[in-house]
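Encoded as structure tokens, the structure appears first; notes follow it.
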Amino acid sequence: MPDKNDVPLMYRAQLEKRCQLHRIYGPKDLQEIAQEEELETEEQYSERWVKQWLESQSESKNSRNSLLDDDLAKETTQFQTKQYKISWRFVTNGGKDDRIIRPLIAASGLPYYPGSSMKGAFREACRREEEAGRLSLGTCDRYCGAKLKEGDSQPGILRFHGGYPVNKWQENLLDIVHPQQQWQVQTLDTTNKPKNESAFALISLYKPTIKFGISCQLKEINWDEIWNIWEKALGFGIGCRVSCGYGLADKITGDVLYQVKLHGKGASSKLIDKKFEFRPNIFRAALRGHALRIFGGLNPNQAEDIVDELFGGIRPGKEKIGLLGMAFYQENPDFVNDSDVYDVSGKLIWLLLGKLENFKHRPYLQNFVEKLTQFAMLLGGFGKSWRRADHRIFYPKYTEHIIGCHWNWVDDNNPIKSLDNQSLDDATTLIKEILKAAKEWMVKRGYEVIQSITTQPLNNNSTATSNIPKQPQLNKPIPRPNKKQNQATQVTEWREAWHQENVQVWGIIAKNAVDSKVIHWLHSSKQGGNQQPQKGSYHNPPNKPQNQSKPSAFQRPAKPINPVSTRPNIYRTSLTGRLQDKQKSPDPTQIGRLWHRMYPLKNDQYIELITIFPKGCAEAKSLIEWLAFQAEWKRVG
């Protein structure tokens, strides 16, 4: 009787202990699977599946294929092919196996892009060109066919033969998807990771060159126009996961909303097979997360709907294709993913992929995307460890792990042009601008803005002075609570909702890369003392008695006394978060409530910024109290 373990994974049911391609198992589970199936090595199902696929594909003989056989292509005079290189990854979901996205596979064992999908992408691009007036009306129906009034259909003059990879597509096929929206933004207790947010496997082609074919029986045909339309389709992306940067050609032909050149350094992503890769979808993940934070502070009830409209969503019953797509075109495309760190420069491009019904809303969308990108650059970075500044630059003596990332504007795109303390004011302005842009987009799209955007000047020591007895005020009515704001209290359910009562941003000028103050706090449990008293600070105020000859209403209030004599310890607390390290403590991994950024200015200066979400965190409140009495630190958001 044949052994069940001899059945190739491609033909096994997606069941526990048989084959679950999407799952990423831990070492203990892999050991049990290897013992059960008598395997020599411990590998994920997805790794074994790819190996078996490539082995069978190399053994099979490719049938005569009009796309891959040059002799066949010459047999028909009205048959043309063209090759296009995909800028990053590409996959067309075969839908054959449950819960995993993997390529369609032809009879020859080759992955392919079906002609029906090619026709659909071509038709959509052709329709857009017609609506924009760049093609005459009826062109789309002529090329692709149309439905007639009586229910019949009229065939088009073109036949789409799909596409096949023609380069070394067999490399770097293992891919990964890791949803973390709840854990990164919403969940209050980050020691327990939400369900359904584990990483899972994906199989896709890495930077393939694909040969596409189109044929027509007519002798007189405008092939330049046809291939131009197809290049437009490639600009919008083909296959699936397009909004994440998949399926885009290395030539920009889509509808560009905003583009900017960036340079970054940081930790590379690790794939299932332990290889490293710089993944351009880190930009989409960062901006989607920040959009959720900002809209979560303006309207927590509709925030996810707004974000899904922009970036797409897969919530059950609310699946949606988003308006935005992105691409990142590297200046050094030959960058080899064999290192645990990356150092890349390139152009980040945001595209309008979806259909914007009201064209008048386009400027508001452009403005929001631009300000959101600036917001992400100001307060953090992109990719792994984006909440921390790159320790290799700002704390070089630390060599235990790779922590942080660092991104710069290129070609004078930095929105903050000033230096010294004026740059802190510019940072405040930039934060206000993203809130204004988000509010304007919500209003245009018919969403309600529950949380009003504050226009009051930020007070450096607002937290510290809140505990000081207030002197009587003349002719000021007692404020009453606004009952209409009851709905807004739901914003506290999200850990990082960007609301004026839920977040504070503090800044200080760093003279150079090694002048960081905060980075030392993150690696030492030693509590620091107050900084030296300076003019205008609240250190050691003189204890002067009040003038009893004047009514108290006309006297200056007494200067507050600093209630915190030393800087609170934040090392490995719920404020800063931690990676599990059983040698130091039994505490589990936890995402903190503090972001640290060294934002680059000219002349090698930096704005050192810390973003704090203090709700429900005693260490955060203590640190804010201490910061309020430091003359050098200024609240900027």
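Could you calculate the contour length gain from Ala13 to Val166, that is, 0.36 nm times the residue separation minus the distance between their Cα atoms, to one decimal place in nm?
Numbers: separation 153, 0.36 × 153 = 55.08 nm, distance 3.10 nm.
Length gained between Ala13 and Val166: 52.0 nm.
When the accessible area of the range 306-397 is computed with all protein chains present and a 1.4 Å probe, what percentage of it is carbon and sulfur? Write out the running numbers ahead of the final one.
Details: 2150 of 3940 Å².
After summing per-atom areas, the C and S share lands at 55 percent.
Would you mind getting the Kirkwood hydrodynamic radius of the range 572-637 from its Cα pairs, rounded to one decimal in Å? Can you show the working numbers first?
Working: mean 1/r = 0.0731 Å⁻¹.
After inverting the mean inverse Cα-Cα distance, the result is 13.7 Å.
Could you rank the peptides 95-108, 4-17, 499-512, 369-382 by their average count of other C-beta atoms within 10 Å per residue, with the highest value first? Intermediate results must be reported in sequence, preceding the final value.
Details: 95-108: 16.7, 4-17: 11.9, 499-512: 18.9, 369-382: 22.9.
Output ranking for 95-108, 4-17, 499-512, 369-382: 369-382, 499-512, 95-108, 4-17.
For the range 292-374, what is the Kirkwood estimate of the hydrodynamic radius, computed as the reciprocal of the mean inverse distance between distinct Cα atoms, to one decimal in Å? Don't skip to the end; give the middle numbers.
Working: mean 1/r = 0.0661 Å⁻¹.
After inverting the pairwise mean of 1/r, the radius is 15.1 Å.
Taking 20 °C and 1.002 mPa s as the conditions, I'd like the Stokes-Einstein D for the range 156-217 in µm²/s, using the Kirkwood hydrodynamic radius from alpha carbon pairs. Spell out each step's value before the answer.
Values: Rh = 15.5 Å.
Rounded, D is 138 µm²/s.
In what sequence, highest mean first, do 358-366, 279-287 appear when ranked by Cβ atoms within 10 angstrom? Provide the component values of the computation, followed by the final result.
Numbers: 358-366: 13.3, 279-287: 22.3.
The densest-packed peptide leads the list: 279-287, 358-366.
Per residue, what accessible area does the range 276-338 have, given a 1.4 Å probe and all protein chains present, in Å²? All intermediate terms of the calculation are to be shown ahead of the outcome.
Working: 2310 Å² over 63 residues.
Value for the range 276-338: 37 Å² per residue.
Could the peptides 202-214, 263-275 be put in order, highest first, of the mean number of other beta-carbon atoms found within 10 Å of their residues? Present the calculation step by step, with values, prior to reporting the outcome.
Details: 202-214: 22.5, 263-275: 17.3.
Ranked by mean Cβ neighbours within 10 Å, highest first: 202-214, 263-275.
Run the paramagnetic zone check for Leu188: 7 angstrom along Cα to Cβ, then residues of the range 579-607 with backbone nitrogen under 19 Å.
Counting backbone N atoms under 19 Å from the label point, the list is 590-594.
Which order do His290, His520, His401 take when ranked by solvent-accessible area (1.4 Å probe, heavy atoms of all protein chains), largest first?
Working: His290 5, His520 80, His401 105 Å².
Of His290, His520, His401, the descending order of accessible area is His401, His520, His290.
The values are calculated or read from the model by the stated rules, or taken from the named source; none is laboratory data. Remember, predicted model here, so these are calculated numbers, not experimental data. Methodologically, a virtual Cβ is constructed for each residue, glycine included, from the backbone with ideal geometry; neighbour enumeration extends over all protein chains shown. Remember, those area values only see protein heavy atoms, side chains included, never the ligands or the DNA or RNA. Shrake-Rupley method; radii C 1.70, N 1.55, O 1.52, S 1.80 Å.
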